[in-house]
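For reference, the structure is listed below as structure tokens.
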Amino acid sequence: MNYIIAIDQSTSSTKALLFDEQCKVVARTNVDHKQYYPQTGWVEHDAEEIYQNMIEAIRMLMSDVRCQKEDVTFSIALTNQRETAVVWNKATGKPIANAVVWQDTRGAELCRQLRAEGKADMVMAKSGLLIDPNFSASGIKWLLDNIEGAREAANKGELLMGTIDTWLVWKLTGGKTFATDTTNASRTMLFNIHTMQWDDDLLQLFDIPRSMMPEILPCDAVYGETTCEGLFSEPIQIAGVLGDSHGALVGQMCFEPGSGKVTYGTGSSVMVNIGEEPKAAPQGLVTSVGFSALGKTWYGFEGNIYSTGATLKWICDQLQLIGKPSEMEALATSVEDNGGVYIVPAFSGLGAPWWQSDVKGAVFGLTFATTKAHFLRAALESIAYQIKDLVDVMAHATGGRLKEIAADGGPTKNQFLMQFQADMLNTPVVCTEVDDASALGAVIMNGFARGLWKSFDEVVGFRVVTQTYQPQPSAQKETLYEGWRNAVNQLIK
């Protein structure tokens, strides 16, 4: 029996999931990590903590496995939060500072300056991306320019940089493998999606030495071996690496051009497969590598929303209106509508299709009649409105209304949200058996890398639809969406 340990390293936690050969989850663990907000607009993670949490999650997972280790083969697949950047000393293995998280906006001024200098077209043509602090490059430059001794050390070739996948693989292999995959590379703003290499003009633009950059491999490559700090007596393979949104695209079996998915996580990614040519994205979207596998590369149009699940977490942790997100549905459906309340959760600015990094979150429409239930309903609705903003642009760019949207992530358990989403999109929303589609995508890449499967046709049956939400006619939805757009328009410049 081949067991695959899928690591899903997200913005808020590290999951370890054990998949069998039929891609069924047989065990799972989860370890949260701390969020650091040292200044307004700054969001950081402790990369060392994330690595230790990953090892702990694997240890907990293996302690739950009811099988003899000599009877099975284990390997590791990895999917990760994207754009979050780590810079570390290659001799000591220690980060020079906390990781700059994708939600962090400290690079906003640099990005504004580069746009004012007319660099946007060049960056878009090469990387497929808009100049925005969401992507890794501005955060890396900030670290090199502001951490004492960092710039000098980088110029001497003493520092390495990477997204979280690169850091974890480097640590797991004891520094033997310094690599990333094409999907994570395509989210740094330093990667040329046409040449599939780090781009000298982009590296120069952000003053980042090429010596810091990892090797780029396809998603379905073998990345090395590890004992996971001695958890395994013999080294096991690390195979299959890709960013979480791309993992969900694969896990939802979006192998055909025109198929798309929505990942409901801390933020949300809407991505549609556009085929094997990196086409220019329409206004408000970006072009990224969708996935590289079986000797080919597929590209995707994508839009990213910064705060969806994070909004629900904020309500629980910061406002303490409820204990956990699962309690929201009952309260939200206890009222007939949102009572005129709209929440624009721009905690880290507005992502696609607005790309306004300096906008702050706001609540509109509060009255003395507003209750907690109205507020919670408005928070859930804000997720669906943001997804609609993106899907409308994407559907137009790909020739009309999408056939369906495959949905994954924790918030898909909220039936009110999923039905409201289908209604707002006027498109069926399909939820699948695997809650963790990103992890399943990494497992599929692992199987390709190790020869378990040799074609997409062999894996499409692993996607099992559990519920389809059909759009329901509603006289209110146009009015509701108009209220959302009015709220957003009061914030954007």
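Can you name the residue in segment 296-320 that is modelled with pLDDT of 90 or more and among the aromatic types (Phe, Trp, Tyr) and, of all such residues, is most open to solvent (accessible area, probe 1.4 Å)?
314
Of everything in segment 133-142 that's touching a Leu at 6+ places or on another chain (Cβ under 9 Å) and either open to solvent by 10 Å² or more (accessible area, probe 1.4 Å) or not small (Gly, Ala, Ser) (or both), which residue is farthest from residue 295 (Cα to Cα)? Steps first, answer last, please.
As a first pass, look at segment 133-142 and keep what is touching a Leu at 6+ places or on another chain (Cβ under 9 Å): 133, 135-138, 140-142.
From the residues that got through so far, the ones that are either open to solvent by 10 Å² or more (accessible area, probe 1.4 Å) or not small (Gly, Ala, Ser) (or both) too are 133, 135, 140-142.
Details: 133: 32, 135: 27, 140: 31, 141: 33, 142: 36 Å.
Going through the qualifying residues, I end up with 142.
Having 2 or more residues that are without any contact (Cβ under 8 Å) to a residue 60 or more places away in the chain is the bar; report the strands (runs of 3 or more DSSP E) wholly within segment 203-255 that clear it.
Details: elements: 215-217, 222-226, 236-243.
Because the criterion is at least 2 residues that are without any contact (Cβ under 8 Å) to a residue 60 or more places away in the chain, the strands (runs of 3 or more DSSP E) in segment 203-255 that meet it are 215-217, 222-226.
May I ask you to say which residue of 152, 109 is without any contact (Cβ under 8 Å) to a residue 12 or more places away in the chain, over 20 Å from the mean Cα position of the chain (by Cα), closer than 18 Å to residue 350 by Cα and open to solvent by 10 Å² or more (accessible area, probe 1.4 Å)?
Details: 152 fails: closer than 18 Å to residue 350 by Cα.
Exactly one residue qualifies, and that residue is 109.
Is there any pair linking a residue in segment 463-489 that is on the phi < 0 side of the Ramachandran plot and among the β-branched types (Val, Ile, Thr) to one that is at pLDDT below 95 and open to solvent by 80 Å² or more (accessible area, probe 1.4 Å), with Cβ under 9 Å and at least six apart or on different chains, and which?
Filtered contacts from segment 463-489: 464/433; 465/433; 466/433.
Only one of these is within 20 Å of residue 256 (Cα to Cα), part of a helix (DSSP H, G or I), in contact with a strand residue (DSSP E or B) (Cβ under 6 Å, 6 or more places away or on another chain) and not hydrophobic (A, V, I, L, M, F, W, C): 438, 382. Name it.
Details: 382 fails: within 20 Å of residue 256 (Cα to Cα).
Result of the check over 438, 382: 438.
Among the numbered criteria (1) open to solvent by less than 30 Å² (accessible area, probe 1.4 Å); (2) under 28 Å from residue 361 (Cα atoms); (3) small (Gly, Ala, Ser), which single criterion is violated by residue 75?
Going through the list (1) open to solvent by less than 30 Å² (accessible area, probe 1.4 Å); (2) under 28 Å from residue 361 (Cα atoms); (3) small (Gly, Ala, Ser), residue 75 breaks only (2).
Pairs needed: first member in segment 428-447, touching a residue at least 24 places away in the same chain (Cβ under 8 Å); second member anywhere, part of a helix (DSSP H, G or I) and among the β-branched types (Val, Ile, Thr); C-beta distance under 6 Å; at least 6 residues apart or different chains.
431/412; 441/250; 444/250
Say whether the condition of being at pLDDT below 90, open to solvent by 20 Å² or more (accessible area, probe 1.4 Å), over 19 Å from residue 379 (Cβ atoms) and of a type in the set (A, V, I, L, M, F, W, C) is met by at least one residue in segment 280-292.
Yes, some residue in segment 280-292 is at pLDDT below 90, open to solvent by 20 Å² or more (accessible area, probe 1.4 Å), over 19 Å from residue 379 (Cβ atoms) and of a type in the set (A, V, I, L, M, F, W, C).
With the structure loaded, tell me whether residue 427 is at pLDDT below 90, assigned to a helix (DSSP H, G or I) and polar (S, T, N, Q) or whether it fails that test. Steps first, please.
Details: at pLDDT below 90: yes; assigned to a helix (DSSP H, G or I): no; polar (S, T, N, Q): yes.
Judged against the criteria, residue 427 is not a match.
Within segment 393-403, does at least one residue satisfy the condition of being within 24 Å of residue 9 (Cα to Cα) and under 19 Å from the mean Cα position of the chain (by Cα)?
Kept after step one, since they are within 24 Å of residue 9 (Cα to Cα), are these residues of segment 393-403: none.
Looking for residues that are within 24 Å of residue 9 (Cα to Cα) and under 19 Å from the mean Cα position of the chain (by Cα), one finds none in segment 393-403, hence no.
Give just the number: which of (1) under 24 Å from residue 309 (Cα atoms); (2) of a type outside the set (S, T, N, Q); (3) part of a strand (DSSP E or B) does residue 5 not satisfy?
(1) is the only condition that residue 5 fails.
Provide a single number: the residues in segment 403-458 that are buried (at least 22 other Cβ atoms within 10 Å of the Cβ), aromatic (Phe, Trp, Tyr) and over 21 Å from residue 79 (Cα atoms).
1
When only residues in segment 68-106 that are of a type in the set (Asp, Glu) and within 19 Å of the chain's Cα centre (by Cα) count, which is farthest from residue 53 (Cα to Cα)? Write out each step before concluding.
Step one: filter segment 68-106 for residues of a type in the set (Asp, Glu), giving 70-71, 83, 104.
So of that shortlist, the ones also within 19 Å of the chain's Cα centre (by Cα) come out as 83, 104.
Working: 83: 20, 104: 22 Å.
The residue in question is 104.
Give segment 251-273 a look and list any residue that's under 13 Å from the mean Cα position of the chain (by Cα) and not aromatic (Phe, Trp, Tyr), or say none. Please lay out each step first, then the result.
Restricting attention to segment 251-273, the residues satisfying the condition of being under 13 Å from the mean Cα position of the chain (by Cα) are 261-271.
Answer for segment 251-273, where residues must be under 13 Å from the mean Cα position of the chain (by Cα) and not aromatic (Phe, Trp, Tyr): 261, 262, 263, 265, 266, 267, 268, 269, 270, 271.
Cβ-Cβ distance below 8 Å, separation of 6 or more or different chains: which pairs start in segment 19-39 with a residue that is of a type in the set (Gly, Ala, Ser) and end on one that is outside any loop (DSSP other than H, G, I, E, B)?
Matching pairs, first to second residue: 27/17; 27/18; 27/61; 27/64.
Quick check on segment 191-227: of everything there that is open to solvent by 70 Å² or more (accessible area, probe 1.4 Å) and over 23 Å from the mean Cα position of the chain (by Cα), which residue is nearest to residue 52 (Cα to Cα)? Working first, answer last.
Taking segment 191-227 and keeping what is open to solvent by 70 Å² or more (accessible area, probe 1.4 Å), we get 194-195, 197, 200-201, 204, 207, 210, 215, 225.
Next cut, over 23 Å from the mean Cα position of the chain (by Cα) only: 195, 200-201, 204, 207, 210, 225.
Working: 195: 35, 200: 34, 201: 36, 204: 34, 207: 31, 210: 28, 225: 18 Å.
Checked segment 191-227; the qualifying residue nearest to residue 52 (Cα to Cα) is 225.
Tell me which of these residue 126 doesn't satisfy, since it passes every other one: (1) within 30 Å of residue 441 (Cα to Cα); (2) open to solvent by 60 Å² or more (accessible area, probe 1.4 Å); (3) basic (Lys, Arg).
Residue 126 satisfies every listed condition except (2).
When you go through 177, 188, 195 one by one, which is the residue that is closer than 15 Å to residue 131 by Cβ and part of a loop (DSSP other than H, G, I, E, B)?
188
Identify all residues within segment 14-69 that are among the basic types (Lys, Arg) and open to solvent by 70 Å² or more (accessible area, probe 1.4 Å); write none if there are none. Show your work before the answer.
Residues of segment 14-69 among the basic types (Lys, Arg): 15, 24, 28, 34, 59, 66, 69.
Residues satisfying the conditions are 24, 28, 34, 59, 66, 69.
Being of a type in the set (Gly, Ala, Ser) and surrounded by fewer than 20 Cβ atoms within 10 Å (Cβ to Cβ) is the filter here; which residues of segment 328-354 pass it? Please lay out each step first, then the result.
We begin by selecting, within segment 328-354, every residue of a type in the set (Gly, Ala, Ser); these are 330, 332, 334, 339-340, 346, 348-349, 351-352.
330, 334, 339, 340 - these are the residues of segment 328-354 that are of a type in the set (Gly, Ala, Ser) and surrounded by fewer than 20 Cβ atoms within 10 Å (Cβ to Cβ).
Quick one: is residue 382 in contact with a helix residue (DSSP H, G or I) (Cβ under 7 Å, 6 or more places away or on another chain), closer than 29 Å to residue 465 by Cβ and hydroxyl-bearing (Ser, Thr, Tyr)? Explain how you work it out, then say what you get.
Working: in contact with a helix residue (DSSP H, G or I) (Cβ under 7 Å, 6 or more places away or on another chain): yes; closer than 29 Å to residue 465 by Cβ: yes; hydroxyl-bearing (Ser, Thr, Tyr): yes.
For residue 382, the condition - in contact with a helix residue (DSSP H, G or I) (Cβ under 7 Å, 6 or more places away or on another chain), closer than 29 Å to residue 465 by Cβ and hydroxyl-bearing (Ser, Thr, Tyr) - is met.
The values are calculated or read from the model by the stated rules, or taken from the named source; none is laboratory data. Note that the structure is predicted; figures quoted are calculated from it, not measured. In this analysis, Cβ positions are derived from the backbone assuming ideal geometry, glycine residues included, and neighbour counts consider all displayed protein chains. Accessible surface is based on the protein model in full, side chains and every heavy atom, while ligands, DNA and RNA are left aside. Shrake-Rupley method; radii C 1.70, N 1.55, O 1.52, S 1.80 Å.
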